[in-house]
Amino acid sequence: MTSTIDRTTDGSVALTITIPWTEVAATYEKVVMEMVNKAELPGFRIGKAPRELVEKNLDKTKVYEEALKTLIPTSYNAAITEQKVKPIVSPKIELKDATEHKDWIFIAHTCEKPTITLGEYKKAITELKASKGKKIWKPGDKEEEKDNPSADGTKPTLDELLMALYNNVSVTLPPILTEHEVNRLLSDLIDQTKKLGLTVEQYLASTQRTSETIKKEYEEQARRTLTLEFALEEIADAEGILVSDDDIDAVIKTGKTDEEKKTLENQQ
């Protein structure tokens, strides 16, 4: 196996991987033998039929497909080790050449963690807190509120704090990463509509949306979620913030139903 790499500034990675025909042939042979050992033919016990009879009934295309299931993961893992890649998503495989008696070539598209730039997020959050806490004291109000403008309980919500952070960081997300997150959101939508006894089309119609508008909506949501995830990770590293197992357990316990708690456990 040999590999070459193409990195782009947004963190996208394309690994071109070449598998020698000798390796392909050896894997093909292994798959054939496994099929022979499991074959059931009239007049023979399982795995006892002659190879030539079994091979007559084998679909060569399916044999090669099974070989690829072994060759691609093994070669990909070897390539990311060889090229010192640290992928954060599963690869998208593009088969370039799979001709018999020739070396096979495929491209694995993946990405690494993008570089994030933290802007004046601390200033933005401070200004947000100040604007939310402003209150004019007047006679009749509690005396302690005179020197404590936010004593009325007005404070930024979590969403407001996150939006202040989001608007003050910059990152170029690899397209494959955004696509991966959008597909996850679409998969969740399918699961949710099934639980409601609806099809996705029925759900979209009931909310007056189309597949195009929901995709655009999810693309924006994906960009926001991913940007915040990387930003919070960057801040945690810079500020030395650690989350303990007890902290995680405390959040999981806030789930109102067993299903919600299970979801939190899966996302811990």
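The values are calculated or read from the model by the stated rules, or taken from the named source; none is laboratory data. As the structure is a prediction and not an experimental result, all values here were calculated from the model. Note that we place each Cβ from the backbone using ideal geometry, even for glycine, and neighbour counts take in every protein chain shown.
Residue count for the range 90-106 under the criterion of being of a type in the set (Val, Ile, Thr), at pLDDT 95 or above and out of contact with any Lys or Arg (no Cβ under 6 Å at 6 or more places or on another chain): the result is 1. Criterion applied to 9, 70 was being hydroxyl-bearing (Ser, Thr, Tyr) and part of a loop (DSSP other than H, G, I, E, B), and the one residue passing it is 9. When you scan the range 89-96, do you find a residue that is touching a Cys at 6+ places or on another chain (Cβ under 8 Å), under 30 Å from residue 170 (Cβ atoms) and surrounded by 13 or more Cβ atoms within 10 Å (Cβ to Cβ), even just one? Yes: the range 89-96 contains one or more residues that are touching a Cys at 6+ places or on another chain (Cβ under 8 Å), under 30 Å from residue 170 (Cβ atoms) and surrounded by 13 or more Cβ atoms within 10 Å (Cβ to Cβ). Restricting attention to the range 213-241 and to residues that are under 14 Å from residue 171 (Cα atoms) and of a type in the set (Lys, Arg), the residue that is surrounded by the most Cβ atoms within 10 Å (Cβ to Cβ) turns out to be 223. The residue that is surrounded by the fewest Cβ atoms within 10 Å (Cβ to Cβ), counting only those in the range 112-142 that are in a strand (DSSP E or B) and at pLDDT below 90, is 139. Conditions: (1) surrounded by 18 or more Cβ atoms within 10 Å (Cβ to Cβ); (2) within 30 Å of the chain's Cα centre (by Cα); (3) closer than 18 Å to residue 74 by Cβ. Residue 31 meets all but one. Number of the miss? Every listed condition holds for residue 31 apart from (2). Reported count of residues in the range 33-67, each being assigned to a helix (DSSP H, G or I) and among the aromatic types (Phe, Trp, Tyr), is 1.
Considering only residues that are under 25 Å from residue 181 (Cα atoms) and out of contact with any Ser or Thr (no Cβ under 8 Å at 6 or more places or on another chain), which ones fall in the range 89-105?
Within the range 89-105, 93, 94, 95 meet the criteria.
Listed by position, the helices (runs of 4 or more DSSP H) inside the range 177-268 whose residues that are at pLDDT below 95 and within 30 Å of residue 10 (Cα to Cα) number at least 3 are 211-239. Of the residues contained in the range 73-86, none is found to be in contact with a helix residue (DSSP H, G or I) (Cβ under 6 Å, 6 or more places away or on another chain) and in the same structural domain as residue 105 (by TED's automatic domain parsing).
The residue pairs whose first member lies in the range 14-43 and is touching a residue at least 24 places away in the same chain (Cβ under 8 Å), whose second member is assigned to a helix (DSSP H, G or I) and of a type in the set (Phe, Trp, Tyr), and whose beta carbons are closer than 8 Å, counting only pairs six or more residues apart or on different chains, are 15/76; 17/76; 28/64. Restricting attention to the range 73-88, and to residues there that are among the β-branched types (Val, Ile, Thr) and part of a loop (DSSP other than H, G, I, E, B), which single residue is surrounded by the most Cβ atoms within 10 Å (Cβ to Cβ)? Among them, the one singled out is 85. For residue 24, the stated conditions hold: it is touching a strand residue (DSSP E or B) at 6+ places or on another chain (Cβ under 6 Å), at pLDDT 85 or above, surrounded by 12 or more Cβ atoms within 10 Å (Cβ to Cβ) and in a helix (DSSP H, G or I). Restricting the range 168-187 to residues that are of a type in the set (A, V, I, L, M) and crowded, with 16+ Cβ neighbours inside 10 Å leaves a set whose member that is farthest from the chain's Cα centre (by Cα) is 169.
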